[in-house]
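The values are calculated or read from the model by the stated rules, or taken from the named source; none is laboratory data. All of these numbers come straight from a predicted model, not from anything done at the bench. Don't worry about glycine lacking a Cβ; one is built from the backbone with ideal geometry, like all the others, and counts go over all protein chains shown. These area figures cover heavy atoms from the full protein model, side chains too; ligands, DNA and RNA do not enter into them. Shrake-Rupley method; radii C 1.70, N 1.55, O 1.52, S 1.80 Å.
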Amino acid sequence: MTTSNFYAEALKSAQPIFAVAPMIDWTDRHCRYFHRQISRNALLYTEMVVADAIIHGPRERLLSFDAAEHPVALQLGGSDPAKLAEAVRIAAPYGYDEINLNVGCPSDRVQSGTFGACLMLTPETVAACVAAMKAVADVPVTVKCRIGVDEQDPEAALPGLFDRVLDAGADAIWIHARKAWLKGLSPKENREIPPLDYEIVYRMKEARPDVFIGINGGIQTLDEAAGHLDHIDGIMLGRAAYQNAAVLADVDHRFYGAAAEAADWGDIRDRMMAYAERHIANGGRLQQVARHMVGLFTGLPGARRYRQILSTDAVKAGAGPEVVAAAFAAVDFEGAREAVGA
């Protein structure tokens with residue numbers, strides 16, 4: 001996957017893209033490093049980072065990442081084209097493979113900043129933001145959106161947004177196949193209550209075969225993900241990939257043509273222990289790494305004890321990589337191998 005035009009290459013070669021969704025408070029650098037140990041090819045996303053924070057805040061903390069995370073995309077939040085362009089310029093030396101604009105988050109915090117999902121109401125602003133970002137970016141600029149918000153008719157709102165952002169130069173569009181309700185529903189409810197409408201995403205692809213379109217929302221398994229590829233170009237898992245990252249172990253085989261092989265959980269354990277040791281040596285805490293690993297073996301013999309160890313021992317003062325080793329030792333790895341791809 002190259003940094004300059006991998007979406008165009010994916011379309012040309014009919015190579016699907018599998019991504020782990022950007023999730024606030026979840027997909028930080030430690031989460032992404034962990035996910036990368038399980039899948040070499042999945043496209044990983046940062047949490048949404050607000051353009052103002054990049055311009056005025058601690059850039060190194062917000063933008064730095066381990067080289068092992070590639071391919072990795074930076075998701076930006078904002079509605080001011082000039083500020084977003086400046087954020088892209090600042091982020092450029094860090095070497096992200098993609099810049100993505102958030103047009104889907106429904107949280108109150110995002111609404112108060114007049115960006116995220118509320119940008120669905122002003123597609124001309126989204127287009128201006130994309131054009132400004134494209135003017136300074138040397139990697140793909142993409143949009144992640146909803147199918148509509150509040151009382152919008154998705155049959156009109158979504159094509160209207162598409163036309164504007166594609167004219168502005170967007171390289172790909174990822175669609176969370178639900179409406180967002182900006183008033184009256186919490187962010188959690190916005191992930192569950194508005195009904196999913198995968199069919200409208202499929203129709204967008206039928207109407208625009210030359211545009212990379214990926215789908216997100218409610219996808220729980222790799223089998224479900226594969227089914228969507230009969231209609232669109234990419235699939236994005238969010239909570240399902242985070243809450244049991246073992247699902248990622250079969251991504252490279254199912255979607256990228258890698259040889260089928262059982263995950264080497266012992267090797268993954270050792271790499272995460274080494275990573276945690278480096279992080280602690282640099283002033284970090286084990287819990288900052290371990291919290292993303294808690295759901296790894298959900299449903300397997302020993303998983304409860306695994307969770308207990310990581311949840312209780314990793315937060316203790318002075319906790320080190322040996323906690324990770326103890327947690328992995330509680331798991332039945334034969335059962336883990338049988339669950340890969342479930």
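Can you report the number of residues in region 110-135 which are assigned to a helix (DSSP H, G or I), open to solvent by 50 Å² or more (accessible area, probe 1.4 Å) and of a type outside the set (D, E, K, R)? Steps first, answer last, please.
Narrowing region 110-135 to residues assigned to a helix (DSSP H, G or I): 110-112, 116-121, 123-135.
Now restrict to residues that are open to solvent by 50 Å² or more (accessible area, probe 1.4 Å): 112, 121, 124, 134-135.
When the remaining residues are screened for being of a type outside the set (D, E, K, R), the result is 112, 121, 135.
Within region 110-135, residues that are assigned to a helix (DSSP H, G or I), open to solvent by 50 Å² or more (accessible area, probe 1.4 Å) and of a type outside the set (D, E, K, R) number 3.
Within region 210-222, is even one residue among the small types (Gly, Ala, Ser), on the phi > 0 side of the Ramachandran plot and open to solvent by less than 50 Å² (accessible area, probe 1.4 Å)? Quick ask: steps written out before the conclusion?
Applying the first criterion (among the small types (Gly, Ala, Ser)) to region 210-222 yields 214, 217-218.
So of that shortlist, the ones also on the phi > 0 side of the Ramachandran plot come out as 217-218.
Cutting the leftovers down to open to solvent by less than 50 Å² (accessible area, probe 1.4 Å) gives us 217-218.
Yes.
Kindly establish whether ILE193 is hydrophobic (A, V, I, L, M, F, W, C), at pLDDT 95 or above and not assigned by the TED database to the domain that holds ARG304. Before you say what the answer is, go through the steps one by one.
Working: hydrophobic (A, V, I, L, M, F, W, C): yes; at pLDDT 95 or above: no; not assigned by the TED database to the domain that holds ARG304: yes.
Answer is no for this residue.
Looking only at region 49-58, decide whether some residue is free of Cβ contacts under 8 Å to residues at least 60 places away in the same chain, within 16 Å of the chain's Cα centre (by Cα) and crowded, with 18+ Cβ neighbours inside 10 Å.
Looking through region 49-58, at least one residue is free of Cβ contacts under 8 Å to residues at least 60 places away in the same chain, within 16 Å of the chain's Cα centre (by Cα) and crowded, with 18+ Cβ neighbours inside 10 Å.
Determine which member of the set ALA276, ALA246 is within 22 Å of SER311 (Cβ to Cβ), in a helix (DSSP H, G or I) and in the same structural domain as ALA226 (by the TED database). Lay out the reasoning, then the answer.
Working: ALA276 fails: in the same structural domain as ALA226 (by the TED database).
So the residue among ALA276, ALA246 that is within 22 Å of SER311 (Cβ to Cβ), in a helix (DSSP H, G or I) and in the same structural domain as ALA226 (by the TED database) is ALA246.
ALA67 - would you say it is modelled with pLDDT of 95 or more, hydrophobic (A, V, I, L, M, F, W, C), surrounded by fewer than 24 Cβ atoms within 10 Å (Cβ to Cβ) and over 20 Å from ILE235 (Cα atoms)? Please lay out each step first, then the result.
On the way: modelled with pLDDT of 95 or more: yes; hydrophobic (A, V, I, L, M, F, W, C): yes; surrounded by fewer than 24 Cβ atoms within 10 Å (Cβ to Cβ): yes; over 20 Å from ILE235 (Cα atoms): yes.
Answer is yes for this residue.
Go through region 64-84 and give me each residue that's over 16 Å from ASN41 (Cβ atoms) and in a strand (DSSP E or B). I'd like the intermediate steps shown before the answer.
Keep residues of region 64-84 that are over 16 Å from ASN41 (Cβ atoms), which gives 64-66, 74-84.
Listed by number, the residues that qualify are LEU74, GLN75, LEU76, GLY77.
If a residue must be open to solvent by 30 Å² or more (accessible area, probe 1.4 Å) and under 19 Å from VAL247 (Cα atoms), how many such residues does region 279-299 contain? Break it down stepwise before answering.
Residues of region 279-299 open to solvent by 30 Å² or more (accessible area, probe 1.4 Å): 279-283, 285, 287-288, 291, 294, 298-299.
Checking which are under 19 Å from VAL247 (Cα atoms) leaves us with 291, 294, 298-299.
Going through region 279-299 one residue at a time, the tally reaches 4.
Within region 269-278, count every residue that is of a type outside the set (Lys, Arg) and open to solvent by 30 Å² or more (accessible area, probe 1.4 Å).
Kept after step one, since they are of a type outside the set (Lys, Arg), are these residues of region 269-278: 270, 272-277.
Checking which are open to solvent by 30 Å² or more (accessible area, probe 1.4 Å) leaves us with 270, 273-274, 277.
Of the residues in region 269-278, 4 are of a type outside the set (Lys, Arg) and open to solvent by 30 Å² or more (accessible area, probe 1.4 Å).
Take ILE213 and decide whether it is in contact (Cβ under 8 Å) with a residue 12 or more places away in the chain and not in a helix (DSSP H, G or I).
Working: in contact (Cβ under 8 Å) with a residue 12 or more places away in the chain: yes; not in a helix (DSSP H, G or I): yes.
Judged against the criteria, ILE213 is a match.
Exactly one condition in (1) in contact with a Leu (Cβ under 7 Å, 6 or more places away or on another chain); (2) at pLDDT below 95 is not met by VAL247; state its number.
(2)
Among (1) closer than 24 Å to VAL20 by Cβ; (2) in contact (Cβ under 8 Å) with a residue 40 or more places away in the chain; (3) out of contact with any strand residue (DSSP E or B) (no Cβ under 9 Å at 6 or more places or on another chain), there is one condition ALA68 misses while meeting the rest; what is its number?
(2)
Residues in region 132-143: is at least one closer than 21 Å to TYR198 by Cβ and at pLDDT 95 or above? Steps first, answer last, please.
Restricting attention to region 132-143, the residues satisfying the condition of being closer than 21 Å to TYR198 by Cβ are 142-143.
Applying the additional criterion that residues be at pLDDT 95 or above yields 142-143.
Yes, region 132-143 contains at least one residue that is closer than 21 Å to TYR198 by Cβ and at pLDDT 95 or above.
Search region 16-27 for residues being part of a loop (DSSP other than H, G, I, E, B) and in contact (Cβ under 8 Å) with a residue 60 or more places away in the chain, and hand back the single one that is farthest from the chain's Cα centre (by Cα).
Taking region 16-27 first, the residues part of a loop (DSSP other than H, G, I, E, B) are 16, 21-27.
From what is left, the residues that are in contact (Cβ under 8 Å) with a residue 60 or more places away in the chain are 16, 21-24, 26-27.
Values: PRO16: 16, ALA21: 2, PRO22: 3, MET23: 6, ILE24: 10, TRP26: 9, THR27: 7 Å.
Within region 16-27, the match that is farthest from the chain's Cα centre (by Cα) is PRO16.
Hey, among the residues in region 300-318 that are part of a loop (DSSP other than H, G, I, E, B) and within 23 Å of THR27 (Cβ to Cβ), which one's most open to solvent (accessible area, probe 1.4 Å)?
Of all residues in region 300-318, those part of a loop (DSSP other than H, G, I, E, B) come to 300-302, 314-318.
Next, only the ones that are within 23 Å of THR27 (Cβ to Cβ) stay: 314-315.
Values: ALA314: 4, VAL315: 84 Å².
Here the residue is VAL315.
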